[in-house]
Amino acid sequence: SFAVKADNMALLYAGFGVMMGIGSGMAYGTIVGVVAQWFPDMRGFATGLVVAALGGGPLILAPFAQWLLNTYELQGTYMILGILFMVIMVCAALVVKQPEAVAGSKAAGGAGRDYTAGEMLKTSTFWLIAFMYAAGAFAGLMIVSQAKGITLDVIEDTGFVTQNPEMLAVTGVMVLAVANAFGRLVWGAVSDRLGRMPALIIMFALNCLIMAFMTLISQSFPGFMGALVLVGLLFGGYLGLFPSVCADYFGSRNVSLNYGILFAAFAVAGVAGPMVGALLDPVAAYCTAAVLSLLGLGATVIVSKKRTA
């Protein structure tokens, strides 16, 4: 609501960029932390469900926002959405309570206590996990940022017959987005059954193989679309699993702040992945992603052998 009143770019950046960014980040970290505390024995699926809902929000909101734009124009739309979000979030926050300690539950990573942010940052485990997060997210962020252009190139290179290449490329983007959402749920549930580190070992191995053979796979358009599905599933899986990894290894009491710090690793990948995808040729970009996935696999094996942070 503040941003739409801005009459210069500085106020727009302050309102829409800084204020909304801070608010969204605080809400995201808090919600993930509370869910991790409420469901310690099915933490992967629970946090995956929340993160999937975060990704699916725009699909629900977009038609409503478009109707508001057509009816009330830009300023009215921002005012209505701002007030609506405030009412919903405040009312929901009043209902949700901090859970009592759950008897019999035990952190999968063997965290014997709850780490403060400062204590967490002093451990080697945190930096290994942060590297794992960045390495895992790198490939997905690289592909997501270039998805439409890559799909158009594959259509042209393979000679795939279609009357509307642009629409087919958009379909590729949508397939990636849907797989991303499902991956957050699927890998969260898998990690609850197998354990967080075994699930991540499988994910990094698959990521490495897909990136290593992406150029070969892309010689067939159906094969490329299948690879997009796998990339989306894996990318979503990293987003769904790492809140639980953070709670497992550093305790659930401070997980909201601790995961907020860990999420900076995702931000690093968010800059590096698209940059590599834009600057390097496809072969070099895929090789970079494959090497990072292999290194992430190695880091995961090391962390899996640590019983505590």
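Here are some notes:
- Qualifying positions in region 181-204 - crowded, with 24+ Cβ neighbours inside 10 Å and either over 16 Å from residue 136 (Cα atoms) or among the charged types (D, E, K, R) (or both): 184, 196
- Residue within region 166-188 that is out of contact with any Gly (no Cβ under 7 Å at 6 or more places or on another chain) and not in a helix (DSSP H, G or I) present: no
- Of all residues making up region 79-101, the number that are in a helix (DSSP H, G or I) and surrounded by 12 or more Cβ atoms within 10 Å (Cβ to Cβ): 9
- For residue 129, the requirement of being free of Cβ contacts under 8 Å to residues at least 12 places away in the same chain, surrounded by 16 or more Cβ atoms within 10 Å (Cβ to Cβ) and of a type in the set (Val, Ile, Thr) is not met.
- For the residues 216, 297, 292, 257, the requirement of being assigned to a helix (DSSP H, G or I), farther than 20 Å from residue 184 by Cβ and modelled with pLDDT under 90 singles out 257.
- Scope region 21-45; condition of a type in the set (A, V, I, L, M) and surrounded by 14 or more Cβ atoms within 10 Å (Cβ to Cβ); matching residues: 27, 31, 32, 34, 35, 36, 42
The values are calculated or read from the model by the stated rules, or taken from the named source; none is laboratory data. Values in this document were obtained by computation on a predicted structure and should not be read as measured data. In this analysis, Cβ positions are derived from the backbone assuming ideal geometry, glycine residues included, and neighbour counts consider all displayed protein chains.
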